[in-house]
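Q: Dumping the structure here so I can ask a few things about it.
The values are calculated or read from the model by the stated rules, or taken from the named source; none is laboratory data. Bear in mind the structure is a predicted one, so any value in this text is a computation, not a measurement. FYI the Cβ positions are ideal-geometry reconstructions off the backbone, even for glycines, and counts take in every protein chain you see.
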Amino acid sequence: MFSDLSAQREGSSLLCRPASEDQGPVFERTTIDYSPCTERYRLGERSFSRQYAHIYAARLMEMRPLLSERAKHKWGSDVLIKKLCDLETGEQCCIVGTLFKRMDLQPSILKEISEEHNLLPQPARTKYITEADELILEDELQRIKLEGKIDRDKCVTGSVIVIYGAEKNDGKFTVEDFCMADLPLQTPRPELGSDKFVLLASGLGLGSSKADSMLGLQLLVDMVTGQLGDTGEQSGAATISRVLLAGNLLSQSTQDKDASTKPKYLTKKTQAGSVEAMRLLDELLLQLVASVPVDVMPGECDPTNYTLPQQPLHKCMFPLSSAYPTLQLVSNPYSANIDGVRFLGTSGQNVCDIRRYSSMESHLEILEETLRLRHLAPTAPDTLGCYPFYQRDPFILEDCPHVYFSGNAPVFGSKLVKGSDGQEVLLVTVPDFSSTQTACLVNLRTLQCEPVFFSAFSADEDEESEMNVSH
Amino acid sequence: MDELYLDNIDEYVNDHNKIVTYKWLSLTLGVHVNTAKQMLYHYLEHKRKESSPQLHATYLVSGKLEGNGQTCHHVSLVREDQLEDFKSKMSLIVSVHVYSVQKALLKDSGPLYSVDYDAVKDNLKNCSKYSSIRCTNAVPMSAAELQQFQDVQRAPPPVPESKTSVTNGNSSTASKPSSKPQKGIMGMFANKSAPKSQDNSKEVKSEQKEESSSVTEAVKSKQALKSNPVANFFGTQTKKPDKPAKKEEEVVALEQQHQRTAPEEEQEPAAMQSHKETKSDSRSKTKRTEVSDSEEEIMEKKKRRRIKRPEPDSSDEDVIPDSPPQLKTKEKSPEKEPEAVRPSHASSETKIRKRRKVLKSRTFLDDEGCIVTEKGYVSESYSETEDDFQSTKQAPHASIKAKTTSSSKDDEKKSHKKSSASSNKGTKQASIMGFFQKK
C-alpha cells in the first residue's frame with residue numbers, strides 16, 4: 001500500500017527548524033516504458049453516410065467463432081451449433097447471435113416526433129427497464145424471441161452470446177443455458193523489481209459553479225508533484241510514474257447551453273463556460289506535466305466529439321502545457337502499455353449506459369460484465385452514440401488487459417478477476433473527484449489499487465463527516 | 001542559516017495580514033518546499049515562545065486510514081485544534097507538517113486555496129522548481145521543436161484533405177483551388193498553363209489531389225472565369241482567405257461553363273502564348289504580387305468587374321477566387337472612379353498588378369443587331385506597361401467579337417448588361433460586395 005511504503009521510507013520530520021544550507025532533498029521521478037495503442041480508437045476521416053447495421057454484422061462475424069469454441073467447451077464438442085434459419089422445432093442446439101432487448105421505455109426519436117402519438121419528449125429516467133421487456137436473439141438473417149433461464153434484466157442490447165436450448169412449438173426459443181465470450185487471452189505481465197504507481201483520477205469537474213473540490217484538486221497536484229508531505233511521502237510520490245485523467249475534466253455545468261434558451265441580447269457577450277474552464281485545466285495540467293507524464297482522456301462533458309470513440313482533445317486548447325512532451329492527449333476508450341502492464345479503460349459512458357438499461361447498479365459489476373462479454377460497449381450504437389464503423393468493431397477486446405478501468409463512477413471500487421486461462425485483471429472504477437475527492441493509485445508490481453482521499457476543513461463540517469471516507 | 005526569514009514571515013503575517021502557506025513562502029523566498037515548511041514551524045515555535053499575539057496554523061496530515069473494511073491513503077488539511085484528533089484516528093501516520101500560518105482563525109479552507117492559486121499563477125513557469133521531485137522528461141520543447149511538430153501535423157492534413165474531396169464528391173475539388181490560390185497563381189507564373197489548360201478541359205471533374213492538378217484546376221477555373229464576362233478581380237485578393245463555399249459554387253459553375261465553351265480553350269492557350277511572350281510579364285507578375293499586398297486594402301472594398309479576356313492573364317488567375325461574389329451580384333464599384341485615373345499613371349505603375357478602370361464609352365453593334373453603348377468602366381487587370389495596356393485593350397475587343405459565335409453569347413450579354421447597368425447606376429452607390437470582401 002502506498003501509505004505503508006511511504007511511511008517506511010527514510011525521512012526526517014518537518015516539524016523542526018530548518019537545517020542549515022541544506023536545500024532539501026530532490027528525488028527523481030521513476031521513469032517507465034510507455035507505449036500507447038493509438039490506432040485502434042482513432043478515426044481518420046469520417047463519413048456518416050453509412051448505416052449502423054455494419055457494426056453489428058462485423059461484431060457478430062468476429063465473435064461467432066469465439067462463441068462456438070466456448071459452446072463446444074461448455075456443452076460438449078458434439079453439440080449442434082445452428083443458425084436461426086436452420087432451426088427445427090424441439091431440437092436441442094446452440095444458437096449464436098446478438099441480443100436485442102425490446103423495452104417500452106426506451107427513448108425513441110421516431111415516437112417523439114411522430115405527431116399521431118402527440119407525445120411530449122420523455123423526461124430522463126435513471127432506469128428504462130420494465131417488467132414487460134422482451135429478449136430477442138438476432139443473427140444475420142433472422143430473429144427469435146427468448147424465454148427461460150436467462151436473466152432478462154441483466155442483459156443489454158448488443159451483447160453477442162451463445163444460447164443452449166430448444167425451440168418450442170410457439171416459435172420462441174427456450175433457454176436452458178447461455179454463455180458469453182469470456183476473457184480473451186492475456187500476455188503475462190513482466191515481473192517488476194520495485195513498486196511503481198499509476199494515479200487514476202477522473203471527474204475533475206473544472207469550471208463548475210461550486211468550487212468545493214478545487215482545494216482537494218490542488219492537494220492532489222501538490223502531492224503528485226512532490227510538494228506536499230514529509231520527505232518520506234515525497235519520495236513515495238516520486239514513485240508515481242504516471243497520471244491518467246479519465247474524462248470529465250470539465251464540469252457538467254459548462255455544458256449548459258444558455259445561448260439556446262436565453263434571448264440573444266442577454267447572452268451576446270457571454271463566453272461559453274468551457275472557455276474559462278479549459279484555461280483552468282491548462283494551468284492545472286501545466287503544474288502536473290512539469291513533473292510527471294500525464295494522459296488526458298476526454299469524457300462526456302469535454303470539448304470533443306460526442307460519439308464513441310471520442311477523439312483526443314486538441315492541443316491548441318492547451319497552449320501552456322502542450323509545450324511539454326509529458327502531456328499525452330489520448331482517446332476515449334484508451335489502451336496503453338505502461339511498463340509491460342496493459343491498461344484499458346473508458347471515461348465511463350459505456351458503463352453508465354448499461355446501468356440505465358439493465359438492473360445492475362454497481363459500476364464494478366457492470367465493468368466485470370463487459371469484460372465477460374468481451375466487449376467494451378455492447379449498447380453502442382443502440383443507445384450509446386457511436387461512429388458507424390464499417391468493417392470492424394474496435395470495442396471488442398482482442399487481448400486481455402491487466403488493468404481495466406472506467407471513470408466517473410460514484411464510488412471507488414476495485415476487484416481482481418481471474419480468468420479461466422490464468423488471466424488476472426484488476427478492475428477499477430475510478431470515482432468522480434469533484435464529488436468524492438478520491439483518486440486511485442495502482443501499484444504496477446502487485447496489481448493492487450488503493451484509493452487516496454483528500455480533505456480539508458470547512459466551517460460547517462464537524463469531525464464525523466471528515467472521517468466519512470467514501471468507499 | 002540566517003534568521004532573516006523569521007522577520008520576513010513576521011512581516012507577512014503581522015503587518016500585511018497575509019495567510020502564509022508553505023508554497024507561497026517557498027515561491028516568494030525561493031527556497032525548497034521542505035525548507036519553507038520548516039521555516040514556518042520554526043517561526044511558529046519562536047512566536048509561541050515569545051507569547052506574542054495569537055497565531056493560528058493549519059497542518060497537513062497524511063496517513064493510512066481504515067474504514068468500512070477498506071484502507072485508504074488519506075491526505076488532509078486540518079486546523080491546529082483538530083490535529084491531535086486526526087492523528088489518533090489514523091492507523092499509520094506518514095507525514096505531518098505545517099501548511100500555513102496566519103493571524104486569524106480560519107473557519108474555512110477556501111482562502112488557503114486562493115492563496116496557493118495566486119502564488120502558482122504568478123509563477124507558472126517554475127511551479128515545480130522548488131518541489132522535491134524532478135522529472136527528466138518534463139522539459140518544455142523549444143520553439144523550434146514545437147514548430148517542427150506543428151509542421152508535421154500540418155503536412156498530413158492537406159493530404160487527407162484531398163482524399164476527403166474524393167469521398168465527398170466533386171464539390172470539394174473546387175475548394176482545392178481556393179485552398180491553394182497562391183500555388184495556382186505561381187503555377188500561372190510558371191507559364192505552364194497552356195498544356196495544363198488543355199488537360200483541364202478533359203478532366204474538369206478529375207479528382208487528382210496532387211498539387212499540380214490543383215494548380216491546373218486553379219488555372220482552369222481561372223481561365224473559365226475569364227471566359228465568363230462577369231467575373232474579374234484582381235489577384236491581390238486571392239491572398240486573403242476566401243469563402244470556399246462561394247468559390248466552390250463559382251468554380252463549379254465555371255467549370256460547367258468551361259466545358260461548354262470548349263472552343264474557347266484554344267483561344268486561351270493561344271492568348272496565353274502571346275501573353276507569355278513578353279519577358280516583362282514574368283517580371284511584372286512577380287513584382288505584382290509583391291506590391292499587390294499593399295494595394296489589397298485599397299482594392300478590397302472595390303467591386304471589380306472585368307471584361308472577360310481570352311488571354312489568360314495572370315491577374316485573372318489571381319482574381320479567380322474572388323469571382324463568386326462578383327458573379328452573383330451585379331454590383332458596381334463606386335471606387336471605379338479613382339481607378340479611372342489610374343490609367344494615366346499607368347507608366348508609373350507598370351509593374352503593379354491591379355485592375356484599372358478605364359472610363360470609356362463604347363458603342364458597337366453586336367451580332368444581334370443591338371447597338372450597345374457602354375459608358376462604363378472597363379476594368380481590366382493588367383500589369384504590363386502602357387504599351388501592353390494598349391495592346392491588351394485591343395484584345396478584349398477582338399475577343400468579344402470573336403466570341404459572338406460561341407455559346408458564351410449569354411455571358412457576353414450579361415457582361416454587357418452588367419456593365420451598362422453599372423454605367424447607369426454610376427459610382428454613387430456603395431457596393432454590397434465590399435461587405436463580403438472585407439476579410
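Q: Which residue is farthest from A:V452 (Cα to Cα), if the candidates are limited to segment B:91-125 and must be among the β-branched types (V, I, T) and more than 7 Å from chain A (Cβ to nearest Cβ)?
A: B:V101
Q: In the list B:N34, B:N17, B:N8, which residue meets the criterion of being within 11 Å of chain A (Cβ to nearest Cβ) and within 52 Å of the chain's Cα centre (by Cα)?
A: Numbers: B:N17 fails: within 11 Å of chain A (Cβ to nearest Cβ); B:N8 fails: within 11 Å of chain A (Cβ to nearest Cβ).
On inspection, the qualifying residue turns out to be B:N34.
Q: Does any residue of segment A:166-173 turn out to be acidic (D, E), surrounded by 15 or more Cβ atoms within 10 Å (Cβ to Cβ) and either farther than 17 Å from A:L371 by Cα or not assigned by the TED database to the domain that holds A:T446 (or both)? Please lay out each step first, then the result.
A: Going residue by residue through segment A:166-173, those that are acidic (D, E) are A:167, A:170.
After this cut, where a residue has to be surrounded by 15 or more Cβ atoms within 10 Å (Cβ to Cβ) as well, the list is A:167.
Checking the rest, the ones that are also either farther than 17 Å from A:L371 by Cα or not assigned by the TED database to the domain that holds A:T446 (or both) come to A:167.
Yes - at least one qualifying residue is present in segment A:166-173.
Q: OK, next. Restricting to segment A:1-59, name every residue that is modelled with pLDDT of 80 or more and of a type in the set (V, I, T).
A: A:V26, A:T30, A:T31, A:I32, A:I55
Q: Please indicate, with yes or no, whether at least one residue in segment A:424-437 is closer than 19 Å to A:A246 by Cβ, surrounded by fewer than 20 Cβ atoms within 10 Å (Cβ to Cβ) and among the hydroxyl-bearing types (S, T, Y). Let's see the steps before the verdict.
A: Of the residues in segment A:424-437, the ones closer than 19 Å to A:A246 by Cβ are A:425-437.
Checking the rest, the ones that are also surrounded by fewer than 20 Cβ atoms within 10 Å (Cβ to Cβ) come to A:435.
Now narrow it down to the ones that are among the hydroxyl-bearing types (S, T, Y): A:435.
Scanning segment A:424-437 turns up at least one residue that is closer than 19 Å to A:A246 by Cβ, surrounded by fewer than 20 Cβ atoms within 10 Å (Cβ to Cβ) and among the hydroxyl-bearing types (S, T, Y).
Q: In addition: Out of all the residues in segment A:198-257, which are part of a helix (DSSP H, G or I), away from chain B (no Cβ under 13 Å) and touching a strand residue (DSSP E or B) at 6+ places or on another chain (Cβ under 9 Å)? Quick ask: steps written out before the conclusion?
A: Here is the first cut: in segment A:198-257, the residues part of a helix (DSSP H, G or I) are A:214-224, A:231-237, A:252-255.
Next, from what is left, pick out any that are away from chain B (no Cβ under 13 Å): A:252-255.
A:T254, the sole residue that qualifies.
Q: I want to confirm something. Restricting to segment A:312-351 and keeping residues that are within 14 Å of another protein chain (Cβ to nearest Cβ), touching a Leu at 6+ places or on another chain (Cβ under 9 Å) and assigned to a loop (DSSP other than H, G, I, E, B), which single residue is surrounded by the fewest Cβ atoms within 10 Å (Cβ to Cβ)?
A: Per the stated criteria, the residue is A:H314.
Q: Output the residue which, of all residues in segment A:250-277 that are in contact (Cβ under 8 Å) with a residue 40 or more places away in the chain and among the aliphatic types (A, V, I, L, M), is surrounded by the most Cβ atoms within 10 Å (Cβ to Cβ). Steps first, answer last, please.
A: Of the residues in segment A:250-277, the ones in contact (Cβ under 8 Å) with a residue 40 or more places away in the chain are A:250-255, A:273-274, A:276-277.
Next, only the ones that are among the aliphatic types (A, V, I, L, M) stay: A:250, A:277.
Details: A:L250: 27, A:A277: 23.
Among them, the one singled out is A:L250.
Q: Looking only at segment A:140-165, which residues are surrounded by fewer than 17 Cβ atoms within 10 Å (Cβ to Cβ) and touching a Cys at 6+ places or on another chain (Cβ under 7 Å)?
A: Within segment A:140-165, A:L141, A:Q142 qualify.
Q: Looking only at segment A:26-47, which residues are acidic (D, E) and either farther than 15 Å from A:D295 by Cα or facing another protein chain (nearest Cβ under 7 Å) (or both)? Steps first, answer last, please.
A: Applying the first criterion (acidic (D, E)) to segment A:26-47 yields A:28, A:33, A:39, A:45.
Listed by number, the residues that qualify are A:E28, A:E39, A:E45.
Q: Moving to a separate point now. Report, by residue number, each residue of segment B:59-73 that is among the β-branched types (V, I, T) and at the interface with chain A (Cβ under 7 Å from one of its Cβ atoms). Working first, answer last.
A: Taking segment B:59-73 as the starting set, the residues that turn out to be among the β-branched types (V, I, T) are B:61, B:71.
Across segment B:59-73, the qualifying residue is only B:T71.
Q: Right, next: Among the residues of segment A:274-293, what is the count of those that are of a type in the set (S, T, N, Q), in a helix (DSSP H, G or I) and facing chain B (nearest Cβ under 7 Å)? Full working, then the answer.
A: Just the residues of segment A:274-293 that are of a type in the set (S, T, N, Q), to begin with: A:274, A:287, A:291.
So of that shortlist, the ones also in a helix (DSSP H, G or I) come out as A:274, A:287.
Now narrow it down to the ones that are facing chain B (nearest Cβ under 7 Å): A:287.
Number satisfying all stated conditions: 1.
Q: Looking only at residues in segment A:439-456 that are part of a strand (DSSP E or B) and within 9 Å of another protein chain (Cβ to nearest Cβ), which one is nearest to A:K415 (Cα to Cα)? Break it down into steps so the answer makes sense when it comes.
A: Initial filter on segment A:439-456 (part of a strand (DSSP E or B)): A:439-443, A:448-455.
Filter once more, keeping what is within 9 Å of another protein chain (Cβ to nearest Cβ): A:441, A:450-455.
Values: A:L441: 14, A:E450: 11, A:P451: 13, A:V452: 16, A:F453: 19, A:F454: 22, A:S455: 25 Å.
Once the filter is applied, the top-ranked residue is A:E450.
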